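The values are calculated or read from the model by the stated rules, or taken from the named source; none is laboratory data. Note that this is a predicted model, so its numbers are computed, not measured. Because the Cβ atoms are built from the backbone with ideal geometry, glycine has one as well, and the counts that use them run over all protein chains shown.
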């Protein structure tokens with residue numbers, strides 16, 4: 001396996017170095033070909049390293065960044081005023097080639113705006129998108145966009161299809177991933193004008209286009225890639241998260257109803273534990289910012305170390321698979337085909 | 001309680017009279033003030049009545065309709081060509097005053113188009129919307145639109161807020177229901193232009209406007225009413241349904257893994273049963289077509305008799321609460337306030 005250097009924005013997320021540093025330590029311990037640059041307030045990072053019983057080393061370098069992008073800071077402001085933030089310096093390392101990927105649990109809008117400004121989009125891609133992997137009954141499905149683009153043109157949705165197919169194809173080793181267009185019915189006449197036109201472009205694209213899919217198809221695993229605009233994708237993702245949380249709370253309430261149900265719950269503990277592991281959203285942490293000249297992965301802001309480790313793992317995987325290059329090549333190929 | 005007559009489109013849905021007729025029988029048995037007109041192919045309805053050990057009676061009248069709207073028929077075609085369909089005749093009964101509500105498990109688009117054409121919208125309402133009630137951690141939340149309107153103007157979203165507040169207020173006996181606007185962030189600057197403008201209208205409306213909510217707020221029960229365009233609402237609803245189904249299948253797989261987990265599953269049966277009853281989506285069956293001059297309720301197409309009974313119950317409740325009149329009054333009030 002190739003050597004990979006990942007730049008970690010240690011200050012992002014709800015917990016900062018307390019979460020990001022232990023995750024980085026565990027990641028380099030698990031992968032001898034991996035080095036991580038810890039970017040952020042050096043005092044805070046040093047303290048977190050010390051708590052993990054470690055010091056700075058060749059494979060765990062610290063890069064001091066005096067500024068931090070707040071979670072609720074407007075992206076344009078962060079881009080203009082926080083040129084020495086941990087997020088910005090981490091992305092700069094990808095631009096300069098000192099790192100091959102950046103991982104951040106910080107402000108999504110700022111991460112997207114800064115990545116786009118510093119790294120630029122791939123030739124032929126209008127706007128980058130955020131893609132995540134979702135557990136399904138059939139395995140895993142990749143979904144994009146999840147919030148970077150609230151309004152999308154048909155061409156942008158087509159490009160999401162190209163990028164998503166590259167991602168699913170590379171990570172899951174599928175020759176021609178099935179791409180579905182999220183809609184409110186399976187018939188071609190359904191949906192708004194943008195979606196209908198995107199459907200026509202996708203049908204003519206040379207991608208393995210399945211056609212329209214509906215919300216429930218995401219978790220059925222009907223297709224390998226689900227594409228939608230960022231507004232719809234964000235709502236679908238967060239609604240699902242909300243439902244999962246509600247069901248988990250309601251199930252716990254049932255267990256805690258009385259001593260009989262508590263005993264029954266104890267008996268069923270192996271089932272609950274195994275089930276929880278299967279659907280543990282932390283294992284799916286790490287959304288890819290696709291369409292950039294470089295690998296950038298966004299961790300959930302509330303991620304713990306275990307979850308943040310999966311985001312680092314995703315970044316490493318995308319570097320080793322040459323994902324950005326694959327997307328670039330596929331865009332070129334389809335554009336030549338269309339020309 | 002007032003006498004209510006409900007017209008049931010007996011042919012709609014995946015199962016037709018096999019489901020709708022037993023549900024109607026059970027509903028009139030449970031509510032002595034309720035009469036139902038069974039609309040559809042009289043032979044099929046008669047056979048279903050006979051299977052239920054019943055015959056036509058004063059409170060279970062049969063109205064023969066020679067045509068049936070197919071589940072995949074384009075709404076405009078159904079409206080133009082199926083003037084003697086069970087759906088159309090059932091809605092006609094509401095128009096003529098012979099019934100106060102119509103319930104159908106049929107083609108949603110055709111039901112909306114026909115209801116709108118026959119009954120007309122309330123004065124001041126541009127487009128009707130589909131609203132459903134969702135279980136939440138805090139109780140119940142009403143959500144609209146769920147698919148009738150794929151593109152909405154800010155004014156239409158405002159009207160959804162007015163209609164949703166009337167619905168939640170009447171059914172849940174809340175003075176000033178909290179209304180939230182579904183968005184991809186809580187800050188006012190989030191979202192697309194339509195949503196931002198709708199937010200401004202809602203803030204100035206006199207409704208108890210909470211502000212933006214995100215997808216996970218639906219199931220947290222952050223607000224009493226969640227409003228969104230029909231595309232987003234449909235995707236959110238179906239994604240959640242898909243996730244719930246997936247979790248249910250995965251949990252069953254865990255139970256059936258080996259004999260030990262099967263025994264554990266047996267022990268936990270009381271928990272699972274009680275949990276299943278709590279989240280049983282059949283108890284939430286029945287989406288309201290709001291903004292019409294009359295009560296129309298759409299049942300899930302795959303509903304069984306138990307679920308279809310809840311849709312009938314919702315229609316009866318809306319008639320007794322005078323929902324259409326309440327919405328009309330609230331629209332007038334807000335328009336006077338705005339003028």
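Residues in the stretch B:167-184: is at least one in contact (Cβ under 8 Å) with a residue 24 or more places away in the chain, in a loop (DSSP other than H, G, I, E, B), facing chain A (nearest Cβ under 7 Å) and more than 29 Å from residue B:325 (Cβ to Cβ)? Checked the stretch B:167-184: at least one residue is in contact (Cβ under 8 Å) with a residue 24 or more places away in the chain, in a loop (DSSP other than H, G, I, E, B), facing chain A (nearest Cβ under 7 Å) and more than 29 Å from residue B:325 (Cβ to Cβ). For the stretch A:244-257, the set of residues classified as out of contact with any strand residue (DSSP E or B) (no Cβ under 9 Å at 6 or more places or on another chain) and assigned to a helix (DSSP H, G or I) consists of A:244, A:245, A:247, A:248, A:249, A:251, A:252, A:253, A:254, A:255, listed by residue number.
I'd like to know if the stretch A:250-266 contains one or more residues that are within 17 Å of residue A:133 (Cα to Cα) and either surrounded by 15 or more Cβ atoms within 10 Å (Cβ to Cβ) or under 12 Å from the mean Cα position of the chain (by Cα) (or both). No: the stretch A:250-266 contains no residue that is within 17 Å of residue A:133 (Cα to Cα) and either surrounded by 15 or more Cβ atoms within 10 Å (Cβ to Cβ) or under 12 Å from the mean Cα position of the chain (by Cα) (or both).
When the stretch B:265-279 is filtered for residues that are over 17 Å from residue A:256 (Cβ atoms) and either within 7 Å of chain A (Cβ to nearest Cβ) or in contact with a strand residue (DSSP E or B) (Cβ under 9 Å, 6 or more places away or on another chain) (or both), only B:265 remains.
If you check residue A:139 against the conditions, is it closer than 15 Å to residue A:218 by Cβ, touching a helix residue (DSSP H, G or I) at 6+ places or on another chain (Cβ under 9 Å), within 14 Å of chain B (Cβ to nearest Cβ) and touching a residue at least 12 places away in the same chain (Cβ under 8 Å)? Yes: the conditions hold for residue A:139. The condition of being more than 14 Å from chain B (Cβ to nearest Cβ), in contact (Cβ under 8 Å) with a residue 12 or more places away in the chain and at negative phi holds for only one of A:201, A:237, that being A:201. On inspection, residue A:262 qualifies as part of a helix (DSSP H, G or I), more than 7 Å from chain B (Cβ to nearest Cβ) and at pLDDT below 95.
Considering the stretch B:1-82, the qualifying helices (runs of 4 or more DSSP H), each wholly inside and each with 1 or more residues that are at pLDDT 95 or above and closer than 18 Å to residue B:305 by Cβ, run over B:17-30, B:42-51. Across the stretch B:12-25, the number of residues qualifying as within 13 Å of residue B:47 (Cα to Cα) and crowded, with 24+ Cβ neighbours inside 10 Å comes to 4.
From A:165, A:198, A:170, which residue is touching a strand residue (DSSP E or B) at 6+ places or on another chain (Cβ under 7 Å) and under 25 Å from residue A:296 (Cα atoms)?
Details: A:198 fails: under 25 Å from residue A:296 (Cα atoms); A:170 fails: touching a strand residue (DSSP E or B) at 6+ places or on another chain (Cβ under 7 Å).
Of A:165, A:198, A:170, the one residue that is touching a strand residue (DSSP E or B) at 6+ places or on another chain (Cβ under 7 Å) and under 25 Å from residue A:296 (Cα atoms) is A:165.
Put simply, of B:306, B:310 the only residue that is without any contact (Cβ under 8 Å) to a residue 60 or more places away in the chain and assigned by TED's automatic domain parsing to the domain that holds residue B:110 is B:310.
If the requirement is being under 23 Å from residue A:183 (Cα atoms) and assigned by TED's automatic domain parsing to the domain that holds residue B:148, which of these qualifies: B:180, B:191? Before you say what the answer is, go through the steps one by one.
Details: B:180 fails: under 23 Å from residue A:183 (Cα atoms).
Checking each option against the conditions leaves just B:191.
Scanning the stretch B:208-231 for residues that are within 22 Å of residue B:177 (Cα to Cα) and either part of a helix (DSSP H, G or I) or at the interface with chain A (Cβ under 7 Å from one of its Cβ atoms) (or both) gives B:214, B:215, B:216, B:217, B:218, B:219, B:220, B:230.
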